[in-house]
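First up is the structure itself, then whatever we jot down about it.
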Amino acid sequence: MKKRLKKLTFFILTGILLLTGCNSGVSKYSFEGSSPEDSEIYVKPVEGLTDDFLRGVDISSYLSQIESGVKYKDFKGNELDETGFFKLLAECGVNAVRIRIWNDPEDKDGNSYGGGHNDLDTAVIIGKWATKAGLQVLADFHCSDFWADPSKQKAPKEWAHYTFENKTAALSEFLKTSMDRLYNEGVNVTMVQVGNEINNGFAGETSRERINSLLVTGTDAVREAADSNGKEVSVVLHYTNPESSNLLDYARDLKNAGVEYDVFAVSYYPFWHGTTERLTEQLQNIAQNYNKKVMVAETSYLYTPDDGDGQGNSVSLDTAGVVLGYDISVQGQSNEVRAVINAVKNVGDAGIGVFYWEPAWIPVKVYDPDSADAKGILEQNREIWETFGSGWASSFSKTYDPNDAGKYYGGSSWDNQGLFDFNGNPLESLKVFKYVFSGTTKELEIVKADNIYYESGIGSTVQMPSTIPALLNSGDTKDIPVTWNTEHVSEAEASGAGTYQISGIAEDNGIKYELLCTLEIKKINYIKNYGFEEADMSMWDIKGNGVAKEADNNKRSGEYSLKFWDSAPVSFTAEQKISGLPDGKYDLGAYLQGGNAGSNPVFELYIIVNGEKFAVQSGVTSWQNWDNPVVSGVEVPEGAEVTVGVKVKAAAEAWGAWDDFYLYEAE
């Protein structure tokens, strides 16, 4: 019990210090109507934004970080105590914090599962500091002993063998007593989240009927606790995958089940969840059809591709590379935050706020893999993560989550997405929460001119683009002229189908940018709308369930793919009839990615020629890990009846996408 006793002692001392002052000295920062500020980053104001719009940060790991020895600083390099840290947040435009709460995040011997050791004691301590700084608090009850997300919604171990009726009663009691404690300690709880990313489950239940029944109980318990304490509170329900067409289904089910809540919240990460335009559209649909407030409960973006603690990063350079418009830099991070705030504001009055996830979850000791003491630093980090629970999971979590945390425990995989650098210095992007009111005086300029991809048809004269889109510090692009190496282009034309590197020089305002174009000279593709980019889908005959054309980050190229997911077992075919093929041999190919397919799934790519079927089996492993099944050398006589297609049979909640089909004449 050493860890628990230490935390309780810390809590008691903190309580004595703050008890008389937690509701006094509260200062309110107003940023409406402020003038543009000098800054090293460009930020355009968000039109119509008001001070009551929530600009929040999830600060759940803060206590375990400072217990681990992490030091945070202000913009002048001065070390900050807890009061100074939360005051800094407020001065930078933050007006709310989010704190996750787990029921009992430790093993039978009192060892922390990690992840910030976010029990109720921790929430009280952090909540008091936030309240003293004048910040609102969103209490995020996972109703689990550890991480709850779409892939796992495990019941607290105390509830594991309860009947459903007893679990329902336990949920109500837990929420009421926890809220009573928060209110009695003077924490300014204005919002309560019942469950975390509850798309596929809640508190160990997976059927929609039982999930919604628990949500009725949970939301009622929250309101009862607030009323008994004379407080007003907004009840939040939190989902993810806002790019998915299923989002409206959840809102409809909640209404039909009689769940009384105020705010429909989503996680939005640009490297996983599509465009901000799609985000606005989805949230508007919820707000208009179900009369709910909406917000983003989690978002973030990386400012560096580097790993700061030896744990490795959840989002890498390759992952973020699929996101257009955001540079991997402090400027790019600022653009992402501003874009998400703007997307929620564009919903209208129903759009109430945005929370950035874990901006202070930085390394405890900075790890450089190339330094002489790298091994020693990593060992020190591992010891600290185990002792204070400041990594995403400790080895002790294996008793509760043996298949994930118990195997892959370690440090912060989010340190490259912090709003503080690896050494605890605040980044200029932390000020975006106030810059969205004032804007900055920084002038527009080009951040980078990237290498590009271009394709041409075989036998055609290659018409290289005369301009390329250069990325501006606003996140927008500007077309600038480019001159290509004509000798390289001619050599590619003469060589025929293939992939070639063409060098070029772009220029803007006297500044030159050397770059490469990957030129792909393609054979004739006889499949129409092969990448699902065209609005007309009539050439495709799609039958079955769980499949639709979608614009999100499941695509391989362009904006769209043929995406699949369903809460029921997935089963569909997608076919296209092709006529007028010249006599010859053909290769049929496509690209497939996804996961969670279950046992013995079927992912079949096929071509039928005059009734004879030629097929190849494929499979899925993970997001954006594309398999390229090919049916090779199929004889097609002139005038043949030809059908190409795919057949999929997979488990409930299997997910993924097909994209970029092709039917080429074989060489």
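Every number in this text was worked out from the coordinates using simple rules, so none of it is lab data. From a predicted model like this one, the values you see are computed outputs, not experimental measurements. Note that each Cβ is placed from the backbone with ideal geometry, even for glycine, and that neighbours are counted across all protein chains shown.
Here are the numbers:
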{"quantity": "Mean separation of Cα contacts under 8 Å (6+ apart) over length of the range 567-628, as relative contact order %", "calculated": "34"}
{"quantity": "0 to 90° range, to nearest 10: angle between helix 208-228 axis and the chain longest Cα axis", "calculated": "30"}
{"quantity": "Loop-located GluC sites (Glu not before Pro) in the range 175-240, at most 10 other Cβ atoms within 10 Å (DSSP)", "calculated": "232"}
{"quantity": "Global geometry of the range 431-566, whether rounded, prolate or oblate, following the gyration tensor of its Cα atoms and the 1.5 cut on a/c", "calculated": "oblate"}
{"quantity": "Nearest-0.05 FRET efficiency for residue 277 and residue 485, computed from C-beta distance (R0 41 Å)", "calculated": "0.65"}
{"quantity": "Cα-Cα P(r), the chain, percent of pairs per 10 Å interval", "calculated": "3, 14, 23, 25, 18, 11, 5, 1, 0"}
{"quantity": "The chain - percent relative contact order, Cα under 8 Å, separation 6 or more", "calculated": "13"}
{"quantity": "Principal-axis tilt of helix 276-290 within the chain, Cα atoms, nearest 10 degrees", "calculated": "60"}
{"quantity": "Virtual spin-label span in nm between residue 173 and residue 37, 7 Å along Cα→Cβ", "calculated": "4.8"}
{"quantity": "Net charge, residue 358 excluded, C-beta distance under 11 Å - Lys, Arg +1, Asp, Glu -1", "calculated": "-1"}
{"quantity": "Sequence-distant residues sharing a close amide H with residue 666 (under 5 Å, placed H)", "calculated": "585, 586, 587"}
{"quantity": "Expected 222 nm ellipticity per residue - DSSP helices of 4 or more, -39500 (n - 2.57), all of the chain, to 500", "calculated": "-8000 deg cm²/dmol"}
{"quantity": "Residue 71-residue 374 FRET efficiency (beta carbon distance; Förster radius 25 Å; 0.05 resolution)", "calculated": "0.75"}
{"quantity": "Anisotropy class of the range 310-404 from Cα gyration tensor, a/c 1.5 cut", "calculated": "prolate"}
{"quantity": "Proximal lysines relative to residue 375, as straight alpha-carbon distance under 18 Å, when same-chain residues fewer than 8 apart are discounted", "calculated": "365"}
{"quantity": "Cα gyration tensor, the range 50-127 - rounded (a/c under 1.5), prolate or oblate", "calculated": "oblate"}
{"quantity": "Most to least packed among 62-72, 434-444, 486-496 [average Cβ atoms within 10 Å]", "calculated": "62-72, 434-444, 486-496"}
{"quantity": "Sites residue 423 and residue 160, calculated FRET efficiency, Cβ-Cβ separation with R0 35 Å, nearest 0.05", "calculated": "0.25"}
{"quantity": "Gain upon complete extension [residue 255, residue 528; 0.36 nm per residue less C-alpha separation]", "calculated": "94.1 nm"}
